[in-house]
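Data block below; observations after.
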Amino acid sequence: MKKKRKTPSSETQRCVPYLLYKDVGKALAWLNKAFGFTELGDRFEGPDGTIQHAAMTIPEGGEVIMMGCPGPKYKNPKKLGVATQMLYIYVDQVDKHFARARKAKPKVVNKLEDTFYGHRRYGVEDPEGHQWFFAQQIREVSSEEMQRAASQR
């Protein structure tokens, strides 16, 4: 009897982001260089050899992000001129993470900063315009404190 292969998502998470990229191969290389994501072995190629689907894991927690190419009519956020979503990912050492990401020359959309809600975070845009935010919790903030700080902004 064949053993059913478990997908990474069934073992680690219930919601898996699926991002669309015009060039999945370039996205895989860039995400590895910038963020240290690791490709899983579930790559599918089309008849022309282009990557149609792939998945990567995030080093800190092992969560999975999937990606694919929907075809020639697809317009990525960069072509549309607007962000269509953003991912918010917790990391252990956000300063070190930001230093690595900057070597890949992303567009920085939010500089590394401490927030009123207790996170140290930064945001960048990948070459196709998808926005990625990485954060580290640096202090606990009560609901009351967060409301006060938000109302003073």
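When the residues of the stretch 43-58 are filtered to those that are of a type outside the set (Phe, Trp, Tyr) and in a strand (DSSP E or B), which remaining residue is farthest from Val94 (Cα to Cα)? Can you show your working first?
As a first pass, look at the stretch 43-58 and keep what is of a type outside the set (Phe, Trp, Tyr): 43, 45-58.
Pick out the ones that are also in a strand (DSSP E or B) and you get 45, 51-57.
Numbers: Glu45: 34, Ile51: 31, Gln52: 31, His53: 29, Ala54: 26, Ala55: 23, Met56: 20, Thr57: 17 Å.
If we take residues in the stretch 43-58 being of a type outside the set (Phe, Trp, Tyr) and in a strand (DSSP E or B), then Glu45 is farthest from Val94 (Cα to Cα).
In this structure, does Gly61 turn out to be part of a loop (DSSP other than H, G, I, E, B), free of Cβ contacts under 8 Å to residues at least 12 places away in the same chain, of a type outside the set (S, T, N, Q) and open to solvent by less than 70 Å² (accessible area, probe 1.4 Å)?
Values: part of a loop (DSSP other than H, G, I, E, B): yes; free of Cβ contacts under 8 Å to residues at least 12 places away in the same chain: no; of a type outside the set (S, T, N, Q): yes; open to solvent by less than 70 Å² (accessible area, probe 1.4 Å): yes.
Here the answer is no, as Gly61 does not meet what is asked.
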Where residues in the stretch 11-24 are out of contact with any Lys or Arg (no Cβ under 9 Å at 6 or more places or on another chain) and in a helix (DSSP H, G or I), which of them is nearest to Ile58 (Cα to Cα)?
Thr12
Show me the strands (runs of 3 or more DSSP E) found entirely inside the stretch 64-116 where at least 1 residues are closer than 16 Å to Asp126 by Cβ, touching a residue at least 40 places away in the same chain (Cβ under 8 Å) and open to solvent by less than 60 Å² (accessible area, probe 1.4 Å).
64-68, 86-90
Among the numbered criteria (1) within 27 Å of Val24 (Cβ to Cβ); (2) among the hydroxyl-bearing types (Ser, Thr, Tyr); (3) more than 13 Å from the chain's Cα centre (by Cα), which single criterion is violated by Ser142?
(1)
Of the conditions (1) surrounded by 14 or more Cβ atoms within 10 Å (Cβ to Cβ); (2) under 16 Å from the mean Cα position of the chain (by Cα), Arg43 satisfies every one except a single condition; which number is it?
(2)
Can you tell me which residue is farthest from the chain's Cα centre (by Cα) among those in the stretch 117-139 that are open to solvent by less than 40 Å² (accessible area, probe 1.4 Å) and aromatic (Phe, Trp, Tyr)?
Tyr122
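The values are calculated or read from the model by the stated rules, or taken from the named source; none is laboratory data. A quick note: this is a predicted structure, and the numbers were derived from the prediction, not measured. All Cβ positions, glycine included, derive from the backbone under ideal geometry; neighbour counts span all protein chains shown. Protein only, heavy atoms only, side chains kept; ligands, DNA and RNA dropped before computing areas. Shrake-Rupley method; radii C 1.70, N 1.55, O 1.52, S 1.80 Å.
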